[in-house]
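> Once you've had a glance at the structure underneath, I'll fire off some questions.
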Amino acid sequence: MHMKNKIVISLLLASTLSSCHIYRTYERPESITVSDSLYRQPVDTEDTTSLASLSWKELFTDPQLQQLIETGLAHNTDLNIARLKVKEAEALLMNSRLSYLPSLSLTPQGTLTSLDGSKPSKTYNLAASADWEIDLFGKLLNAKRGAQAALEQSEAYRQAVQTQLVATIANSYYSLLMLDEQLDITRRTASTWEESLHTMKALKRAGQATEMAVAQTEASKLSVEASVVSIERQINEMENALSTLLGMSPQTVGRSTLEAQEFPDSLSTGVPLQLLSRRPDVRQCENQLAVAYYATNSARSAFYPSITLSGSAGWTNAAGAVLTNPGQWLLSAVASLVQPLFNRGKNIANLKIAKAQQDEALLTFQQSLLDAGAEVNDALVQWQTARKRIQLDERQCASLQSALRSSELLMRHSSQNYLEVITARQALLQAELDTATDRFDEIQGVINLYHALGGGY
């Protein structure tokens, strides 16, 4: 017996030493590197401030937009589902922590036995039992750590949904402002074409214009009027989509104007390393990698024995062959060690699956960083391009305004045709329309950059 004890102890020590890696906590792989080259444009490595450092209320200062975002954060269906998933993960973590405690059960039992019509004999057993698994090889530990990583993953997912929601509401709101601006300009353009049509009809009556010219002018007028109807439809659809996003029935959305919006003149991206901590979707991918890491450790722990302590205590009158009344105390304690022998092939297969899933999670994590960097670059270029176009648009509008004033003066003091004045006015309205579109692109670039850097929560 003494020799057997030595053998068991030696086996346990050997297993413990060989399984030390099972207890290691997750560390970010060395292959995950975030270099400054993640951004195409040079970055100041000492500048740790970025646009994402601002809260969404600091960036989106429009009071009506702020109210819409608050409504969306409270009632959006996807965000509320994400919050429930966090609660589910919290419950799973609590369950894994309770696995460290012994399981207790009460098993009272009573029996009536009668043989050939004799007086029935009564037996009873009022017992309580407890089982406690000793976590010698990290099975429960890795399960708990995996549940903790899963909770952090759920929280990161909730934050990702929130940041996407804030960006989508803001984009929808500014889309409405742009459509309002386009509708106003298009209506003024339609009025200009109405004047052109009256002028062409008058010129035709004077013999200075043909029927074809009148028909072409009327066709252009009808085309602009059709654009008015189309923009009105787009506004209605955008309001419906935004209302649904806010968890409300379709309704009119109160809003400001595109001209009244203000944003920072310069945008800072910070350093690429900040994406690891600020981007919730990137953190979600890393937490998924951690979950896979602990799943691999759990698969390794399946190769080692499990040790369980169990015991029971109770009051019984059937402790032996003869019934005794009153009953007596019955105590028992058992220690068991289970070493897997014939399911080694299954355990090896499970370990290979876990390792493959861990490698997949690593690749997903790496790709999420590349995608994040690309989104930052795209948003920054969009904002910069829009600002350059706006500068050109402003110069173009100034030139067209000057041309319009000149044509109006010539018409008053010379034989300048009124049709040329109308043409100059239409060109100015088209330039204003282009300016509104570029202004929206600028705002959209700010929103996209803010979201790409991890802002919005």
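The values are calculated or read from the model by the stated rules, or taken from the named source; none is laboratory data. Values in this document were obtained by computation on a predicted structure and should not be read as measured data. Quick reminder, even Gly has a Cβ in these numbers, built from the backbone with ideal geometry, and neighbours come from all protein chains shown.
> So which residues in the range 272-303 are charged (D, E, K, R) and assigned to a helix (DSSP H, G or I), if there are any at all? Spell out the reasoning first.
So in the range 272-303, the residues charged (D, E, K, R) come out as 278-279, 281, 283, 286, 300.
Those that are charged (D, E, K, R) and assigned to a helix (DSSP H, G or I): ARG278, ASP281, ARG283, GLU286, ARG300.
> Please work out which residue is nearest to ALA424 (Cα to Cα), limiting yourself to the range 187-223 and to residues that are touching a Leu at 6+ places or on another chain (Cβ under 9 Å) and of a type in the set (D, E, K, R).
ARG188
> Filtering the range 228-271 down to residues that are among the hydroxyl-bearing types (Ser, Thr, Tyr) and not in a helix (DSSP H, G or I), which residue is nearest to ALA436 (Cα to Cα)? Talk me through it step by step, then tell me what you get.
Restricting attention to the range 228-271, the residues satisfying the condition of being among the hydroxyl-bearing types (Ser, Thr, Tyr) are 230, 243-244, 249, 252, 256-257, 266, 268-269.
Still in the list and also not in a helix (DSSP H, G or I): 249, 252, 256-257, 266, 268-269.
Working: SER249: 29, THR252: 22, SER256: 15, THR257: 11, SER266: 20, SER268: 25, THR269: 26 Å.
Filtering the range 228-271 for residues that are among the hydroxyl-bearing types (Ser, Thr, Tyr) and not in a helix (DSSP H, G or I), the one nearest to ALA436 (Cα to Cα) comes out as THR257.
> May I ask you to list the residues in the range 257-290 that are within 18 Å of the chain's Cα centre (by Cα) and hydrophobic (A, V, I, L, M, F, W, C)? Give the derivation first.
Of the range 257-290, the ones within 18 Å of the chain's Cα centre (by Cα) are 274-289.
Selection gives LEU275, LEU276, VAL282, CYS285, LEU289.
> On to the next question. Across the range 59-92, which residue is surrounded by the fewest Cβ atoms within 10 Å (Cβ to Cβ) among those that are without any contact (Cβ under 8 Å) to a residue 60 or more places away in the chain and in contact with a helix residue (DSSP H, G or I) (Cβ under 7 Å, 6 or more places away or on another chain)?
Ranking the qualifying residues of the range 59-92, first place goes to GLN66.
> Identify, from the list SER196, SER191, SER230, the residue that is under 30 Å from LEU65 (Cβ atoms) and either assigned by TED's automatic domain parsing to the domain that holds ASP78 or buried (at least 16 other Cβ atoms within 10 Å of the Cβ) (or both). Break it down stepwise before answering.
Numbers: SER196 fails: under 30 Å from LEU65 (Cβ atoms); SER191 fails: under 30 Å from LEU65 (Cβ atoms).
Within the list SER196, SER191, SER230, the selection yields SER230.
> How do the pairs read when you match residues in the range 364-378 that are β-branched (Val, Ile, Thr) with residues anywhere that are at pLDDT 90 or above and in a helix (DSSP H, G or I), using Cβ under 6 Å and keeping only pairs 6 or more apart or on different chains?
THR364/CYS285; VAL376/ALA452
> Next question, about the same structure. In the list SER19, SER114, which residue meets the criterion of being in contact with a strand residue (DSSP E or B) (Cβ under 9 Å, 6 or more places away or on another chain), of a type in the set (Gly, Ala, Ser) and at pLDDT below 75? Lay out the reasoning, then the answer.
Numbers: SER19 fails: in contact with a strand residue (DSSP E or B) (Cβ under 9 Å, 6 or more places away or on another chain).
Checking each option against the conditions leaves just SER114.
> Mind listing just one residue for me: the one in the range 278-311 that is within 30 Å of LEU51 (Cβ to Cβ) and of a type in the set (D, E, K, R) and, of those, surrounded by the most Cβ atoms within 10 Å (Cβ to Cβ)? Even if it seems obvious, please write down each step before you answer.
Going residue by residue through the range 278-311, those that are within 30 Å of LEU51 (Cβ to Cβ) are 278-290.
Now restrict to residues that are of a type in the set (D, E, K, R): 278-279, 281, 283, 286.
Values: ARG278: 22, ARG279: 28, ASP281: 19, ARG283: 23, GLU286: 26.
Once the filter is applied, the top-ranked residue is ARG279.
> Another question, if that's okay. Do you know which residues across the range 428-457 are more than 29 Å from ALA52 (Cβ to Cβ) and touching a helix residue (DSSP H, G or I) at 6+ places or on another chain (Cβ under 7 Å)?
Step one: list which residues in the range 428-457 are more than 29 Å from ALA52 (Cβ to Cβ), which gives 428-434.
The answer is LEU428, LEU429, ALA431, GLU432, LEU433, ASP434.
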